[in-house]
Structure formats: C-alpha cells, structure tokens
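S.K.: Can you read through this structure? Questions will come right after.
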Amino acid sequence: MSRHVADTVANAEATPEKEQPFAALGLKPDEYAKIREILGRRPTSGELAMYSVMWSEHCSYKSSKIYLRQFGQKVTPKMRERLMVGMGENAGVVDIGEGWAVTFKVESHNHPSYIEPFQGAATGVGGIVRDIISMGARPVAVMDQLRFGAIDNPDTARVVHGVVGGISFYGNCLGLPNIGGETYFDAVYQGNPLVNALAVGVLRHEDLHLANASGVGNKIVLFGARTGGDGIGGASILASDSFDSTGPTKRPAVQVGDPFAEKVLIECCLELYAGGLVEGIQDLGAAGISCATSELASNGDGGMFVELDNVLLRDPTLTAEEILMSESQERMMAVVTPEKLDAFMAVVAKWDVETSVLGEVTGTGRLVIHHGGEEIVNVDPRTVAIDGPVYERPVAYPTWIDALQADSASSLARATDGAALREQFLTLVASPNLADKSFITDQYDYYVMGNTALSFPDDAGMIRVDEESGLGFALATDANGRYCQLDPYEGARLALAEAFRNVSMSGAVPAAVTDCLNFGSPENPEVMWQFQRAVEGLGDACMQLEIPVTGGNVSFYNQTGDQPIHPTPVVGVLGIIDDVERRVPSAWQDEGNNIYLLGVTSTELDGSAWAGTIHGHLGGRPPQLNLETEKKLAHLVQSAALEGLLMSAHDLSDGGLAQALAESVARFGVGARVWLNDILERDGMDLTSALFSESTARAIVTVPREDDVKFVGLCEARGYPVLRMGVTDGHGPEATLTVQDVFTVPVAEILERSRATLPHYFD
Amino acid sequence: MRIGVITFPGSLDDRDAQRAIRLAGAEPVALWHGEHDLKKVDAIVLPGGFSYGDYLRCGAIASHSPIMAEVIDAANKGLPVLGICNGFQMLVEAHLLPGGLIRNDHGRFVRRDQMIRVENNRTDWTSAFDENEEIVIPLKNGEGGYIADEATLDRLEGDGLVTFRYVGMNPNGSLNDIAGISNERGNVVGLMPHPEHAVERGFGPNTNKAMRSGMDGLRFFTSVIARVLV
C-alpha cells in the first residue's frame, strides 16, 4: 500500500497551478480565490480542508453574522448585570447569585439526524454537552426540541424511533436528566426533521474557564477518544448543503457516538478543572482538530505549533487532511502549562482516557502544523476561525405572504352546539402536536442527579443548584413554526414570549435567552427575509423583556429540494428561582381549589391548533403580543408564587384554554367544573374563541379557597384582568371535566384519547 | 456508621446514593473501582449507571474490577451489600446473586414511578418495611428483564428470596414479576428500581398527596443502619 503523502507548504509554493477540489469541499470560486489571496499562494490540501470546514455556513455563520450582531447591540444595562459571558464563546454564562453561575446553549443537529437518526441525535446531545464542559461547568440537564414530518407518513416512524432512541441512549448513559423539550409533527419537516439539543451546566464563579491558547510554551494536549474516519467533512458537506433526493448517500459523513467515553470525559475534565491543571479546554465538534486548533489559537495571544503525527488514530490509514477534518466524537483539547503536565497526565490516566501532546503555544502568530516531518499548514489562525467570509445575501419580500396573511381563519366554520365542540375538543386533545408525549419522554431519565424539581410535562424544567439554599433555575423552550410562516417577526417574538411565560409560571424569574434558528436556504432571498425579520423580532423582544441572548446556533439549508421548512426559531429562556421549594407545577393535584383565568381573550384563531387540526388551515396573522402585558403577568405569578398562593399555574398557548384545561385534569386525574359565561360576556366572543383562541398573556391558576381574597386583591392591585372560572373537582374513575352548559368529558376519556396517538403510530 | 458507594467508570447514580445515605443518617464513603480498599465501611452500595458503557453485558466488566474481589469476599463474610440497577447486574455477574438481566421485552429504555411489593422484610436492607408492603420508587433501565432457569426460580420462590415484586404492571418482562432478590443470608440484595431516587421530598416519585413527594426509598438505608447498629 502506498502511503498518502500530504501536500506541503513548499509544494504549494512550487506548484501554484495545481487544480484543487475546492468546489467538492463546499467552497465557492470567490472564496477559494480569497484563500489564495490571504496566503499569497495556493493552499495546501490540509489548509484547504481547514478553510473549507471553517468557512462553511455551519462554522462561520457567514450568511447570518450581519444579523446576529444586533443581539449584542440591542442591550440595556440591566441585561448586562447577570451576564458573565456573552455570545461568541462556547456557551453563555449567567450569574444566578450565591456565587453560582449557569451556562446553557441550544444547538441543531438536523441534517445528520435525517440521514442517520439514531447517531445523528445521539451525537447532537454529545456535542452540546461538550460545549458546556468547555466553560468549566458540570452539565446538569438536557432538553430536546424535535420536529418531525407528518405523523402518518411511513418515513416518520423511522426518524422518530431513531432520534428518540439516540437521545435516550446517549443522554441516559451520560447521567444527565432530560427535563423537557418539544415534539411537533408537520409535513414541512418531512424531508428535513429538526433535532435541536440543549444542555445546561452549573459552576462556581471562580471556576469559569474560557478556551484560548495563551502563554508561549504551554502544551496543546488532545485527549479522549481516538481520531477515526467518522464525520469527515460533516460540517461542510452536511450542514451547508440541502438534500437532493437523488444524490448518493451521505451516510459515512455522520459521526458515531460513545456516551460512556463522554461520561468518563466529563468526570475527567471536572477533576482537571478542580485541580487547577488546565488553562482551558476546547471541545472538538464540527470541523474537529481544524476548528479546535484555529479557535484556540485565534482566541489566544500568540500562535500554535502542532505535530499531527502525535494524534492517536483509530485508523492508521487516515490522511493528514482527514485527521484535520475528522469529527470523531468525545475528544477535547486542553492547554496545559509544562509544570502541570505530569499532574494532568496522572488525572487522565486515572480515568483511563487516552492522551497525546500535540504541540505548544508559540509566539509566531501563526498556526503551523507538521505531518511526517513536513510543514503542511502555515496560516494566520484568525483568517480560518474568525475572519471568514461575510455575506450580505439578497433579501426579498415573499411573493406569497400577502395572500397568506389575507386568508384569515375568520371565514372558517365554528361550532356552536355542545356536542360538536366536545368532539372538536377531543380531536384536538388527540392531535399529534397536543397529544400526550409520554411515549417519548418515558424513555428519558429525569431522576438522575437527584435535583430535578420540575420536568415534562410541566411548563418548564427546573433544577436545584444548591442543596443547602434551594437556589435553582428553570428552563423552557418554544417555537411555533406556523406563526413564523405567517409573520416571522411576530413569530419569533411569540416564541420568546411563550418561553418567558412558561418559565414565569414555574415561579422563576427569566434572566437569559438562547436560540437555535432553523431556516431554509440562505441563498433563497425569501428565506433570507424570513431570517432577517425573525432575528429583528427576537432582538427587539429581548430588549423589551430585558433578557439577553447569551448564545445559540443558526441552522440553514433546512429544506428538501426547493421547499424550505417553516421558519423555526427555537427560543430557550432560563429563569432563576431562589428556592425550588416554591416552584409551581402546571397542573392541579387537589380538589376544591378555585380556578382563575388571568388575561383577556380575543378571537385569535389564525395559525392556531384549532385552525390547523379541525380545518387543515394556515393563514392570517398570528396572535397579538404585548410584551408589557407579558411582563405584568410574569410579575403577578411570581409574586403569588412567592406568597405561596398558587397550587398550579399553566400558560395558555397551543390549543388555547381548552387544551390547558385538558392537560390540567389529565396530569393527576383531578377533574374540574368550569364555566365560560363570564368570559363570553366580558370579552364578547363565541364559544369557539373562548375555548380555542390562542391569545397571549393568559394563564390558568388554581388557588386554595382560603387564599381567594388575597389572590384577587393581588391581581386587582396590579391591574391584571382576572376571572374566577371554575373549581377543581374529584379524582378517581368518575372524575370529569365539565364545561357548564357546553359539554362534560370523563377525565379517563381525555387521557385515553391523548395517550393513544403516539403509540398508535410508533409502538 | 459508614456506608461505601463504589464509583466505576460510567457510574451515574453514585452521588445520588451518597445523598440517600446522608439523608438516612449515615456517612457516605466514596470507593473507587480500581482500588482494593473498602476503607472499613459497614455496608456497600453498588450504584446505578452504565459501568464500562454496558459493553459485553451490563455489569460484566465491572464485576471483574479490582474492588469487586474485596466486595465478593466481604459479602461472603456477611457485609451488607445493595446493588441498584447496574449494581444488581454486577451482583449477578459476580455470582453473588443468581439469574441474569436482559433487554426489556418491549425493547425500549423505560423510566417510570414503579410500585413494588416488599415480600421479604428479613433482609439487611428491608427490615424497616412491613411484610408485603407496597411502595413506589423510580425505575429506569433498558436491560431490566430478570431471568433464571426454572430450578433457580423455584428455589428463589420456595426460600422466600424474591425480595421485591412488580405490582400493577411488569415494566420489562421479568420472570415472575421479580424486581429484586436477596441471598440466603439476607445481606446481599439486588433490585432494578432505584430507592436512592425516593429519599427527599420534592425530588422523588409522585404520590397521591403531592407531586414528587415519595420517600419510600429512604427505608432501604435506614434498614441497614439499624442492622449494623444492633
């Protein structure tokens, strides 16, 4: 077998005319020309590999950068108060008080998860968890935001089983509680499911680490799994090109995960941090060693020298270019001072983790990589990792959107008699997007670590951070692609508002935001318009709510053929709660409490679950949103929770009041008697609107009878609209949900309908 | 009163077990798989997790760890040993308990609040329960189906060594609904469900009274404390 000889810098200088496969690596001709200009020569094949992955859309944010800047600009002083690390690092870090900090981020793994659902989803969890470790934090929870194709499409079961199995396998084996997430089904995601993964970690303030290669002479150490041939070119080829249904299979480009190796790596890294043995640790994700070396060097103050022959390989036949591009999982790169190298090695050996010293920090300002004794890379690392191309892509107002917005749900037939409304109620309860998700969530461990105060199906997940004081955080993520299709600006604001509301319902105070912006091709000017509007909406809304975006991810090219997905900006909100003991669950568990509706209902059925499920309709304008009102609602619920007045609080969103009531009785099997006449009268509307409208800034809460006066007084003092609309009723087999003068449904029937849907398709 | 919790590579519930021991009133002692030192503990917990990534068979590699030689020796001399989930799998692989654990019959990982019946309250780890008391503790596993040959099952049933049995539903296809067993002496107990996740109000399984308020698991640990202090 003849050994592949890497292209050297000397060779590149001597053979300027050599043709290079830049197009196959995903680079455009002008990008290739730019690389030649930067280097003053043609790139070596290793340099070309590095630039191609690092300049891919996935790694460089070249189409989104000019828009994302506003997250850093639309900030008030209050938004900076708790921000320890903002955008641009591996994950944002938020001060939650008492010397504790939380770091969190959501990221996409969409394309790999369609090709190889199990490994794609599993390594999505693994990748985001490594981001958290690289900040110096212990990962403490994960969440997933999943969007699949139509539930009855034969291919959907393949993707669902793989994705859920992969998340279950990897997350459970890592020992991280899965505390929430989203699962939606819509034909727009058929050939392009969305698999977003969120991880969150906690650390003491003094343990914060940033990954950069500083200090001349410090060692660059690669540790963890060996480098293999999996995921080569995944970053550039997979994430930056949309699927062509006729193309050759791209299976080998998906990485393979080993959660056991990652679990050991977590403990090993935490012991290294605790012992003060590392200057910083950088995770290896997309673009592997190319990314880790160029980012570490760019963020440092000098250069870096790396001997690529020192990389431990799973497959000795890998070429230098493949080693640079490999996305083998469960690897980390540390910067270690020479004095601490022995102690570092001892800890790594204790955990049976394989390690090799690749090189060291230099003062040259260059990233130099040798292989086989020859220089194969010599670049300014900033040109690779930071100063990549920036595009101002053409933007065009969609030709179709005026007609879509004009097609309001107001023309749809509305039921008026109880029997028909009862049937619609149950149809919605059983619809794929509103149905019980325990078929999926029963495969996730939320007990491990013993600090889970709330998890699915509560509005937010909640984790105790400090066992003594009870200090904790709450997290919720939301996105409504249907709203965003109607109006991406409003849709993004609505996603933030819902996550904000969900966190507030738990009793926590929202403090920070992460986002995963899933869109179609940026080369489509209409998609670019959607992206522009969504980012503007999210940025404006964050400023109004005074909670900063701390980090996130953009995923473009989510489309099959020419058909982009609905714009789907997933927004995660992190809240702080002084004592998790005061958390508020989203469903009631006791008989005889009063049920109150907070907020005002309007007829807002455009884009609603009712319009989609009952009429197969999507058109009009999403619900109106007033963020000042949302803030008022949040403050009200937080105050009431603080005074211990609330037995439950549940926000109203998809499916409106009807769905919130269904979830509230189904959760613990405790029924309710409710009446709508006061709502109909005060807000002036019909029964369909009262039940199914998706007006914002609303919630249902339950309050013990003895606290009624206090609670209503609190609402009135704050000027928030409140109506007593029912009482919680008995439990057991006879329990019912009675909507007076409209319909009565046994709780058992709600449960049966809600729980049957997912098993019907997937069991 | 010191109770050791062994950490293997891939152990996940080791810190939870330590917390449970602390809440029960004893001192948790961290033990390391690669050592031979049991640090003179009065009892040992083999925690849940995926030791060695469950490679080969669940618990198989861990059962050959250096420290397991000491655990086997001590268990045979009467030291109380509790194996939870992956720890139960290790006890079986180490032949301290009979039978085996295989993939759940439905093929999926399952996490649920599980009712079990304590059928033998004469072991070191169950004396604080009433005989046939029904309790709820979390269950979470992918390979929790208990199997044994017929002669072994007959012996377990005949000698009253079936310590815990699933009630209401069998979550993983275990033969005879077996959730956990003990040895003849009653010092070695293994079960698939997780008592260490039901020890603290607010973080345990749901009960009819309040969400996450179940604390039935705490009595596993108070049982062994009472046993050792006698």
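Please treat every number below as a calculation from the coordinates, not as lab data. All values derive from a computational prediction rather than experimental measurement. As a convention, Cβ positions derive from the backbone with ideal geometry for all residues, glycine included, and neighbour counts pool all protein chains shown.
S.K.: Consider a paramagnetic label point 7 Å from the Cα of B:LYS209 along Cα→Cβ; state which residues of segment B:104-145 have an amide N under 19 Å from it.
M.R.: Hits in segment B:104-145 for B:LYS209 at 19 Å: B:113-116, B:128-130, B:133-138.
S.K.: Another question about this same structure. 5 Å is the cut-off here: which amide hydrogens, built 1.01 Å from N in the peptide plane, fall below it relative to B:VAL29, excluding neighbours closer than 5 in sequence?
M.R.: Those lying under 5 Å, H to H, from B:VAL29 are B:ILE3, B:GLY4, B:VAL5.
S.K.: Per residue of segment A:685-690, in order, report the coupling 6.51 cos²θ - 1.76 cosθ + 1.60 (Karplus, θ = phi - 60°) as ³J(HN,Hα) in whole Hz, putting x for Gly and Pro.
M.R.: 8, 8, 4, 4, 5, 4
S.K.: In a shell of Cβ-Cβ distance under 11 Å around A:SER695, excluding A:SER695 itself, what net charge do Lys and Arg (+1) and Asp and Glu (-1) give? Please list the in-between numbers first.
M.R.: Details: positive: A:ARG698; negative: A:GLU604, A:ASP683, A:GLU694.
Neighbour charge sum, excluding A:SER695 itself: -2.
S.K.: Right, next: Considering just Cα atoms, how many Å³ per residue does the convex hull of chain B enclose?
M.R.: Details: hull volume 25.1 nm³, N = 230.
Hull volume normalised by residue count: 109 Å³.
S.K.: Then there is this: Placing unit charges on C-beta atoms (Lys and Arg positive, Asp and Glu negative, everything else neutral), compute the dipole magnitude of segment B:1-227 about its Cα centre in debye, rounded to 20.
M.R.: Numbers: 23 positive and 30 negative charges, 144 e Å.
Using Cβ point charges on Lys, Arg, Asp and Glu, segment B:1-227 gives about 700 debye.
S.K.: Please list 3J(HN,Hα) in residue order for segment A:757-762, calculated via the Karplus relation 6.51 cos²θ - 1.76 cosθ + 1.60 where θ = phi - 60°; whole Hz, with x for glycine and proline.
M.R.: So the J values, rounded to whole Hz, are 5, 5, x, 4, 8, 10.
S.K.: What is the fewest-to-most order of A:TRP351, A:TRP588, A:TRP610 by other Cβ atoms lying within 10 Å of their Cβ?
M.R.: Numbers: A:TRP351 19, A:TRP588 26, A:TRP610 29.
Listed from fewest to most nearby Cβ atoms, that is A:TRP351, A:TRP588, A:TRP610.
S.K.: Please compute the contact order of segment B:1-227 in relative form: average sequence separation of alpha-carbon pairs under 8 Å and at least six residues apart, divided by the residue count, as a percent.
M.R.: Values: 573 pairs, mean separation 45.1, N = 227.
Value for segment B:1-227: 20 percent.
S.K.: Spelling out what I want: for every residue of segment B:160-173, take phi, set θ = phi - 60°, compute 6.51 cos²θ - 1.76 cosθ + 1.60 (Karplus), and round to whole Hz; glycine and proline get x.
M.R.: With coefficients 6.51, -1.76 and 1.60, one gets x, 8, 6, 7, 10, 10, 5, 10, x, 8, 9, x, 8, x Hz.
S.K.: Then there's this: Relative contact order of segment A:98-222, please, whole-number percent, based on alpha carbon pairs below 8 angstrom and at least 6 residues apart. Mind showing how you got there, number by number?
M.R.: On the way: 262 pairs, mean separation 53.4, N = 125.
Relative contact order comes out at 43 percent.
S.K.: Now a separate question. Quick one: putting +1 on the C-beta of Lys and Arg, -1 on the C-beta of Asp and Glu, what dipole do you get for the protein assembly as shown around its Cα centre, in Debye to the nearest 20?
M.R.: 600
S.K.: Report the relative contact order of chain A, percent, no decimals, based on alpha-carbon pairs under 8 angstrom and at least 6 residues apart. Intermediate results must be reported in sequence, preceding the final value.
M.R.: Values: 1917 pairs, mean separation 114.9, N = 763.
15 percent.
S.K.: If the cut-off is a Cα-Cα distance under 25 Å, which lysines reach A:LYS18, setting aside same-chain residues fewer than 8 apart in sequence?
M.R.: Excluding near neighbours in sequence, the set is A:LYS28, A:LYS34.
S.K.: Nearest 500 deg cm²/dmol is fine: what mean residue ellipticity at 222 nm does chain A get from its DSSP H runs of n ≥ 4 alone, each adding -39,500 (n - 2.57), divided by its residue count? Mind showing how you got there, number by number?
M.R.: Details: 27 runs with 281 residues, N = 763.
That calculation yields -11000 deg cm²/dmol at 222 nm.
S.K.: Here's a follow-up. Averaged across B:104-111, how many Cβ atoms of other chains sit within 10 Å of each residue's Cβ atom?
M.R.: On the way: counts 0, 0, 1, 2, 8, 11, 4, 13.
Counting Cβ atoms of other protein chains within 10 Å of each residue's Cβ and averaging gives 5.
S.K.: So which of B:LYS39/B:LYS77; A:LYS65/A:LYS105; A:LYS105/B:LYS209; A:LYS437/A:LYS632 end up more than 26 Å apart, counting from Cα to Cα? Provide the component values of the computation, followed by the final result.
M.R.: On the way: B:LYS39/B:LYS77 16 Å; A:LYS65/A:LYS105 18 Å; A:LYS105/B:LYS209 36 Å; A:LYS437/A:LYS632 31 Å.
Long pairs (Cα-Cα over 26 Å): A:LYS105/B:LYS209; A:LYS437/A:LYS632.
S.K.: Going out from 0 in 10 Å bins, what whole percent of all Cα-Cα distances in chain A drops into each bin?
M.R.: Bin by bin from 0 Å, the calculated values are 3, 14, 25, 25, 17, 9, 5, 2, 0.
S.K.: Here is a follow-up. Where the centre of each part is set by its Cα atoms, how far does segment B:46-119 sit from segment B:160-230, in angstrom?
M.R.: Computed from Cα coordinates, the inter-centre distance equals 14 Å.
S.K.: Mind sorting B:ILE181, A:ILE386, B:ILE135 by how few other Cβ atoms lie within 10 Å of their own Cβ, fewest first?
M.R.: A:ILE386, B:ILE135, B:ILE181
S.K.: At a Cα cut-off below 23 Å, give the lysines reachable from A:LYS219, other chains included and same-chain residues fewer than 8 away excluded.
M.R.: By straight Cα distance, A:LYS219 reaches A:LYS340, A:LYS350.
S.K.: Another question, then. Stokes-Einstein diffusion coefficient for segment A:425-574 at 10 °C in a medium of 1.306 mPa s, Rh from the Kirkwood formula over Cα pairs: what value in µm²/s? The partial results should precede the final answer.
M.R.: Values: Rh = 16.7 Å.
This corresponds to a translational diffusion coefficient of 95 µm²/s.
S.K.: Could you tell me which residue out of A:PHE425, A:MET647, A:PRO488 lies farthest along the dipole of chain A toward its positive end? Charges go on the beta carbon: Lys and Arg +1, Asp and Glu -1, centred on the Cα centre.
M.R.: Going by the charge dipole, the pick is A:PRO488.
S.K.: Shifting gears a bit: Sort A:130-142, A:501-513, B:34-46 by packing, meaning the average of other beta carbons within 10 Å per residue, with the highest value first.
M.R.: Working: A:130-142: 25.8, A:501-513: 28.0, B:34-46: 18.5.
The most tightly packed comes first, giving A:501-513, A:130-142, B:34-46.
S.K.: Give the residue from B:GLY168, A:LEU714, A:PRO154 lying farthest towards the positive end of the charge dipole for the protein assembly as shown; charges sit on Cβ (+1 for Lys and Arg, -1 for Asp and Glu) and the dipole is referred to the Cα centre.
M.R.: The residue sitting farthest along the positive end of the dipole is A:LEU714.
S.K.: Once amide H atoms are built 1.01 Å from N in the peptide plane, which residues 5 or more positions from A:GLU98, or in another chain, come under 5 Å H to H?
M.R.: Long-range HN contacts for A:GLU98: none found.
S.K.: Please report, in debye to the nearest 20, how large the charge dipole of segment A:584-763 is about its Cα centre when each Lys and Arg carries +1 at its beta carbon and each Asp and Glu carries -1 there.
M.R.: Dipole magnitude for segment A:584-763 comes out near 260 debye.
S.K.: Now, a different point. Straight-line reach from A:LYS710: which aspartates and glutamates fall under 13 Å, measuring Cα to Cα and dropping same-chain residues less than 8 apart?
M.R.: A:GLU643
S.K.: Roughly how many whole Å is it from the C-alpha centroid of segment A:427-506 to that of segment A:649-676?
M.R.: 16
S.K.: Gap in Å between the Cα centre of segment A:727-756 and the Cα centre of segment A:344-419?
M.R.: Cα centres, segment A:344-419 to segment A:727-756: 47 Å.
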